[in-house]
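Worksheet: the structure to be examined is printed underneath.
Every number in this text was worked out from the coordinates using simple rules, so none of it is lab data. Note that the structure is predicted; figures quoted are calculated from it, not measured. A quick note on method: Cβ atoms are made from the backbone with ideal geometry, for glycine too, and the neighbour counts reach across all protein chains shown.
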Amino acid sequence: MEVIVKETYEEMSRLAAQMVAELVRKKPRCVIGLATGSTPVGTYKELIRMHKEEDLDFSQVVTFNLDEYVGLPPTHDQSYRYFMNDNLFNHINIRKENTYVPDGMARDIPAACALYEERIREHGGVDVQILGIGGNGHIAFNEPGSSLASRTRVKTLDEATRKDNSRFFDSIDQVPKYAVTMGIGTIMEARQVIILANKESKAAAMAAAVEGPITAMCPASVLQMHPTVTAITDKAAGAKLKGDYPAEPHTLVLK
Ligand code: PGA
């Protein structure tokens, strides 16, 4: 795993955006796996800036989001479809029909999950997957204990996750209890992974993910088995790492 510890959130976000932009320029029809949450917002802001100021062209790009709450319609301002439109898609020239987010309102959720996997395959698989990490080590909504081989499915959210995410809702009671999430096996099939973490609250989870044992109790630790992962943190989230990591990548070129 290539680990890069940046000084600030802005620098972390800029590097992640540069890596994605490099892929989009080289492979205009690329498939990008996207994450929601606070962490990638700076990366999305930088991609929007590059689109507006540097003509970064998303017209042929296809995206697949990691997860969606069960029971929230796309019009709900805490749904992840709404988040993606608001934080990225509405500000770049991507075609909305090329943006996939799991359907948390599907009548037959297992069928919708299987279809989601099929769509990813039809598009040739994910070229680069952007990930955040939960304070409990989760990736997407694969909570501790998730099968490291899991596929897209419904997961019950941990109380810790519901508490973390209650900041976006009026109260914890309004945070959905279930989500549809890509599985860990699904995420591991991406050709390249960029995992981002900022703030001190992520330091322990990042240390466990990067330097700890591979265990389902820290789902992000499975990334140690992936051949092309770049972990980028700010100084606070990198504070518990024992290794001596550089502030610059060896290369910006995506495989
Ligand atoms: P955050 O969430 O980016 O809002 O911190 C990350 C996650 O829980 O995966």
(request) Compute the projected area of the convex hull of the Cα atoms of segment 119-183, averaged over all viewing directions, and report it in nm² to one decimal place. (result) 5.1
(request) Amide H neighbours of Lys240 under 5 Å, at least 5 residues apart or on other chains, H built in the peptide plane: list them. (result) none
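If the viscosity is 1.002 mPa s and the temperature 20 °C, what translational diffusion coefficient in µm²/s does Stokes-Einstein give for segment 183-222 when Rh comes from Kirkwood over Cα pairs? All intermediate terms of the calculation are to be shown ahead of the outcome.
Numbers: Rh = 11.0 Å.
Taking Rh from Cα pairs, D becomes 195 µm²/s.
Taking all pairs of different Cα atoms in segment 184-255, averaging 1/r and flipping that mean, what Kirkwood radius in angstroms comes out? Mind showing how you got there, number by number?
Values: mean 1/r = 0.0783 Å⁻¹.
Evaluated over segment 184-255, this radius sits at 12.8 Å.
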(request) Would you be so kind as to identify all helices of the chain, as entire DSSP H runs, whose Cα atoms reach 20 Å or more along the helix's own axis and whose mean Kyte-Doolittle hydropathy is at least 0.5? (result) none
(message) Given points 7 Å out from each Cα along the Cα-Cβ axis, report the Asp173 to His250 separation in nanometres with one decimal.
(response) 5.4
(message) Highest mean first, how do 127-136, 170-179, 32-41 rank when packing is the count of other Cβ atoms within 10 Å averaged over residues?
(response) 127-136, 32-41, 170-179
(message) Can you find, among Ala21, His226, Gly42, the residue sitting farthest towards the positive end of the charge dipole of the chain, where Lys and Arg contribute +1 and Asp and Glu -1 at Cβ?
(response) His226
(request) Work out how far the C-alpha atoms of segment 147-229 reach from end to end along every principal axis, then list the three figures in whole Å, largest first. (result) 41, 30, 20
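Give the whole-number value, in cubic angstrom per residue, of the convex hull volume spanned by the C-alpha atoms of segment 109-148. Write down the numbers at each step before the final one.
Details: hull volume 3.7 nm³, N = 40.
Dividing the Cα hull volume of segment 109-148 by its residue count gives 92 Å³.
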(request) Report, in debye and to the nearest 20, how large the dipole of segment 1-56 comes out about its Cα centre when Lys and Arg carry +1 and Asp and Glu carry -1 on their Cβ. (result) 300
(message) How large is the direction-averaged shadow of the alpha-carbon convex hull of segment 89-136, in nm²?
(response) 5.3
(request) DSSP loop (so not H, G, I, E, B), at most 15 other Cβ within 10 Å: list which trypsin sites (Lys or Arg not before Pro) in segment 68-144 pass both filters. (result) Arg95, Arg107
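Counting only C-alpha contacts under 8 Å and six or more residues apart, can you give the relative contact order of segment 151-255 as a whole percent?
Details: 125 pairs, mean separation 27.5, N = 105.
Once normalised by length, the contact order is 26 percent.
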(message) Can you give me the Kirkwood hydrodynamic radius for segment 116-255, using every pair of distinct Cα atoms, in Å to one decimal?
(response) 15.8
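Would you please report the Å³ per residue occupied by the convex hull of the alpha carbon atoms in segment 1-118?
Working: hull volume 14.4 nm³, N = 118.
Here the figure is 122 Å³ per residue.
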(request) Could you go through segment 55-63 in sequence order and give the Karplus-derived ³J(HN,Hα) for each residue, using 6.51 cos²θ - 1.76 cosθ + 1.60 with θ = phi - 60°, rounded to whole Hz, and x for Gly and Pro? (result) 6, 4, 9, 9, 5, 10, 6, 10, 10
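How many times 2.2 N^0.38 Å is the alpha carbon radius of gyration of segment 13-77? Before the final figure, lay out the partial values.
On the way: Rg = 13.0 Å, N = 65, 2.2 N^0.38 = 10.7 Å.
For segment 13-77, the normalised Cα radius of gyration is 1.21.
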(request) Using θ = phi - 60° and the Karplus relation 6.51 cos²θ - 1.76 cosθ + 1.60, list the HN-Hα couplings for segment 131-147 in order, rounded to whole Hz, with x at every Gly or Pro. (result) 10, x, 9, x, x, 9, x, 6, 10, 6, 9, 7, 6, x, x, 4, 4
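Quickly estimate the mean residue ellipticity at 222 nm for the chain, helices only: each DSSP H run with n ≥ 4 gives -39500 (n - 2.57), and the total goes over all residues, rounded to 500. Walk me through the intermediate numbers first.
Values: 7 runs with 75 residues, N = 255.
Rounded to the nearest 500, the figure is -9000 deg cm²/dmol.
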(request) Mind grabbing the base-10 log of I(q)/I(0) for segment 50-93 at q = 0.15 Å⁻¹? Debye formula, identical points on the C-alpha positions, no solvent, two decimal places. (result) -0.45
(request) Any chance you could list the semi-axes, whole Å, largest first, of the equivalent ellipsoid that the Cα gyration tensor gives for the chain, using √(5λ)? (result) 24, 23, 18
(request) Report the one residue of Val180, Gly243, Ala190 whose Cα lies farthest in the direction of the positive end of the charge dipole of the chain (charges on C-beta: Lys and Arg +1, Asp and Glu -1; origin at the Cα centre). (result) Ala190
(message) Report the Cα-based extents of segment 54-163 along its three principal axes, largest first, to the nearest Å.
(response) 42, 29, 28
